[in-house]
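Asks: Handing you a structure now.
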Amino acid sequence: MTRHVIHGIGVSAGTASGPVVHVRPAPGFDPNEAPTTDATAASRRVTDALEQVATGLEARLAKASDHAKPVLQATAMMARDPGLVTAIDGKLGTGLGLTRAVHDAVEDYCAMFESLGGYMAERVTDLRDVRDRTICRLLGVAEPGVPDLRSPSVLAAHDLAPAETATLARDKVLGIVTSAGGPTSHTAILAAQLGIPAVVQAKGITDTPDGTIVALDGGVGEVVVDPSPADISQLSERARRRSAALAGSSGEGATYDGHKVALLANIGTAADARAAAAQDLEGSGLFRTEFLFLDRESAPTLDEQTATYTEVLRAFGTRRVVVRTLDAGADKPLPFADLGPEENPALGRRGLRLGMIREDLLDTQLKALAAAYRATGADIRVMAPMVGTVEEAEYFAAKVRAVGLPKVGVMVEVPAAALRADHLLSVVDFASLGTNDLQQYTMAADRMQGELATLLDPWQPALLQLVRSTCEGGRATGKPIGVCGEAGGDPLLALVLVGLGVSSLSMAPGKVSAVRASLRLHDLATCQQMAAYAVAARTAKDARNAVQALVHPQLLDLL
Ligand code: PEP
Ligand code: MG
């Protein structure tokens with residue numbers, strides 16, 4: 001291969017160089033297999049294969065990190081989902097061969113997940129992982145995935161299944177490069193948590209033969225294939241500068257002139273909470289509780305929820321924990337909360353809208369959170385996803401206060417909420433900007449559509465203008481505004497958000513130190529100037545350039 005550069009999206013900062021090792025691809029279904037004549041016997045074989053897959057995943061639990069365990073368990077649970085077996089049986093009943101039946105049944109499931117968008121759509125990768133492993137078991141070949149790495153390598157793949165990233169030998173994986181995947185995918189989140197430099201959307205990496213040397217920069221999202229000695233030394237210089245810029249980044253988040261900005265972790269499980277709490281950060285700004293509800297036949301009980309919430313609150317001690325109530329779509333695979341199919345699920349009965357229909361789910365969750373609060377006395381703050389009107393905010397606030405929880409807030413993910421933030425904030429205690437969804441609704445661009453990257457650029461001035469509107473609402477009512485979308489973990493954009501008036505930033509724990517170092521380099525007046533330029537800019541590119549012109553030179557080492 002001759003030297004060339006692949007541009008992707010950096011999702012986990014850091015630099016690495018080494019030989020590429022491709023993840024073993026999945027074989028796909030067997031086009032020549034015999035049709036099913038004995039559906040009962042075929043079903044037994046599929047069930048056995050699924051069980052072997054589940055057992056195989058569980059066998060890796062012992063070696064897995066705390067972050068990884070829930071992923072492996074969730075994927076194993078998917079393999080044991082009786083709904084999946086029923087769906088496969090349906091296909092076998094029509095005479096489809098074994099591997100084709102597994103393939104088609106899983107694709108039906110995936111189509112349903114994908115139509116939901118957001119987190120649910122990202123679970124499609126897990127489901128296809130179960131499919132591929134099951135087909136391999138049925139074909140009697142080795143399961144797809146990461147080969148046993150003998151020497152440190154850069155993993156390349158179309159998209160890495162979370163179960164693969166979950167058990168990566170950290171000392172053998174120098175970096176991760178995928179041609180698909182997005183900045184909010186589970187793989188990206190895990191790579192950031194493991195501290196492995198990663199670039200997604202690097203088109204062309206799959207054509208790079210095994211053993212080719214690549215040099216990657218997970219901050220700027222660049223992969224140099226067959227790098228020159230000059231490329232390599234440039235990269236190590238960057239790595240040296242980055243650790244120098246990060247050195248001494250500790251303690252509370254604050255600008256150069258001491259304006260405080262709480263730096264918080266996004267978490268999804270009790271294991272995440274323990275891992276994040278062990279780090280130098282100020283609490284959690286987003287606990288995505290839906291992790292507890294996924295891949296289950298029935299909703300978790302009051303006791304089970306209370307136990308998990310108590311564990312999460314205990315992990316953070318006196319530090320704040322912002323809990324988001326269940327954020328699931330309407331047409332979804334949660335059998336206990338299925339409201340039937342919808343044409344546009346992202347615009348349908350999701351988030352709080354679902355909670356208002358299935359009050360039993362919301363009430364049980366709030367009761368469990370209140371019990372966990374009474375047991376710990378923690379600094380808990382509870383917020384609702386997808387709030388759009390004052391009535392919705394009032395409805396939620398009344399419920400949260402009725403169970404004795406001390407602080408209630410709303411997520412600002414719908415443009416209406418950003419425009420009317422002063423009115424919404426007059427009935428709650430705080431708001432948190434979910435920039436991932438706010439972006440997709442502002443630009444009318446599905447956040448899962450990699451092709452719409454330009455519209456999904458968080459530097460779009462329209463998004464920043466809505467952040468400003470939300471912060472103006474915060475100032476008018478004296479209520480704090482946080483950010484818990486991916487934008488908050490970008491060391492450059494964080495400056496703009498702070499300049500606009502945001503007082504807390506929540507992100508993957510691994511991103512905290514770079515954001516903290518970035519804040520320390522700039523005073524509040526500079527952040528405000530950056531914010532004014534960014535909002536006034538004509539385009540996302542102009543906004544970024546205008547801000548970059550004002551940065552402290554060392555900031556560039558953190559990107
Ligand atoms: C968001 O939308 O920005 C957010 C934080 O929520 P999620 O990514 O879970 O939808
Ligand atoms: Mg959201």
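Asks: Plugging the Kirkwood radius over Cα pairs into Stokes-Einstein for region 39-139, at a temperature of 20 °C and a viscosity of 1.002 mPa s, what D comes out in µm²/s?
Replies: Working: Rh = 13.8 Å.
My calculation gives 156 µm²/s for D.
Asks: How about LYS511: which lysines have a C-alpha closer than 24 Å to its C-alpha, ignoring those fewer than 8 places off in the same chain?
Replies: Straight-distance partners of LYS511: LYS69, LYS172, LYS260, LYS541.
Asks: Filter the trypsin sites (Lys or Arg not before Pro) in region 1-103 to those in DSSP coil with at most 13 other Cβ atoms within 10 Å of their Cβ, and list the result.
Replies: Taking region 1-103 and a limit of 13 other Cβ atoms within 10 Å, the loop trypsin sites (Lys or Arg not before Pro) found are ARG3.
Asks: Compute the orientation-averaged projected area for the chain from the convex hull of its Cα atoms and round it to one decimal in nm².
Replies: 24.7 nm²
Asks: Which ordering of CYS527, CYS136, CYS471 is given by a fewest-first count of other beta-carbon atoms within 10 Å?
Replies: With the fewest neighbours first, CYS527, CYS136, CYS471 line up as CYS136, CYS471, CYS527.
Asks: Collect residues whose amide H, placed 1.01 Å from N in the peptide plane, falls under 5 Å from the amide H of LEU174; neighbours closer than 5 in sequence don't count.
Replies: Correct list: SER153, VAL154, LEU155.
Asks: Would you mind calculating the relative contact order of the chain from Cα pairs under 8 angstrom and at least 6 residues apart, reporting the percent as a whole number?
Replies: This gives 15 percent for the chain.
Asks: Would you kindly work out the equivalent ellipsoid of region 262-558 from its C-alpha gyration tensor and give its semi-axes, the square roots of five times the eigenvalues, largest first in whole Å?
Replies: Working through the eigenvalues yields semi-axes of 31, 22, 18 Å.
Asks: Using just the helices of the chain, give the 222 nm mean residue ellipticity in deg cm²/dmol: DSSP H runs with n ≥ 4 each add -39,500 (n - 2.57), and the total is spread over all residues, rounded to 500. Numbers along the way, then the final one.
Replies: Details: 22 runs with 253 residues, N = 559.
Calculated mean residue ellipticity at 222 nm is -14000 deg cm²/dmol.
Asks: Please list the non-local residues whose amide H lies under 5 Å from the amide H of ARG320, H modeled 1.01 Å from N, same-chain partners needing a gap of 5 or more.
Replies: Amide H to amide H, under 5 Å and 5 or more residues apart or across chains, ARG320 pairs with SER284.
Asks: How far is it, in nm, from the label point at ARG538 to the one at ALA169 when both lie 7 Å from their Cα along the line to the Cβ?
Replies: Here the answer is 5.5 nm between the modelled labels.
Asks: Going by how many other Cβ atoms sit within 10 Å of their own, how do ARG349, ARG133, ARG274 line up, fewest first? It would help to have the intermediate numbers written out before the result.
Replies: Details: ARG349 22, ARG133 25, ARG274 17.
With the sparsest Cβ surroundings first, the list reads ARG274, ARG349, ARG133.
Asks: Which trypsin sites (Lys or Arg not before Pro) does region 468-556 hold that lie in a coil by DSSP with at most 10 other beta carbons within 10 Å?
Replies: Of the trypsin sites (Lys or Arg not before Pro), the ones in loops of region 468-556 whose Cβ has at most 10 other Cβ atoms within 10 Å are ARG538.
Asks: Sticking with this structure for a sec: Amide H neighbours of LEU433 under 5 Å, at least 5 residues apart or on other chains, H built in the peptide plane: list them.
Replies: Amide H neighbours of LEU433: VAL412, GLY482, VAL483, CYS484.
Asks: Assign unit charges at the C-beta atoms only (+1 for Lys and Arg, -1 for Asp and Glu), then state the dipole size of the chain relative to its Cα centre in Debye, rounded to the nearest 20.
Replies: On the way: 53 positive and 65 negative charges, 287 e Å.
The calculated dipole for the chain is roughly 1380 debye.
Asks: What is the antiparallel percent of DSSP beta bridges lying wholly in the chain, to the nearest 5? Can you show the working numbers first?
Replies: Details: 18 of 55 bridges.
The antiparallel fraction comes to roughly 35 percent.
Asks: Which distance in Å, rounded to a whole number, links the C-alpha centroids of region 81-102 and region 19-74?
Replies: Taking the Cα centre of each part, region 81-102 and region 19-74 sit 15 Å apart.
Asks: Taking neighbour Cβ counts within 10 Å as the exposure measure, how do ARG401, ARG150, ARG350 sort from fewest upward? Kindly include the intermediate steps, with their values, before the conclusion.
Replies: Working: ARG401 16, ARG150 8, ARG350 26.
Exposure proxy ranking, most exposed first: ARG150, ARG401, ARG350.
Quick note: the coordinates plus some simple rules give every number you see, no bench work behind them. Because the structure is a prediction, the values reported are computed rather than measured. Neighbour counts are summed over all protein chains in view; Cβ atoms, including those assigned to glycine, are modelled from backbone coordinates with ideal geometry.
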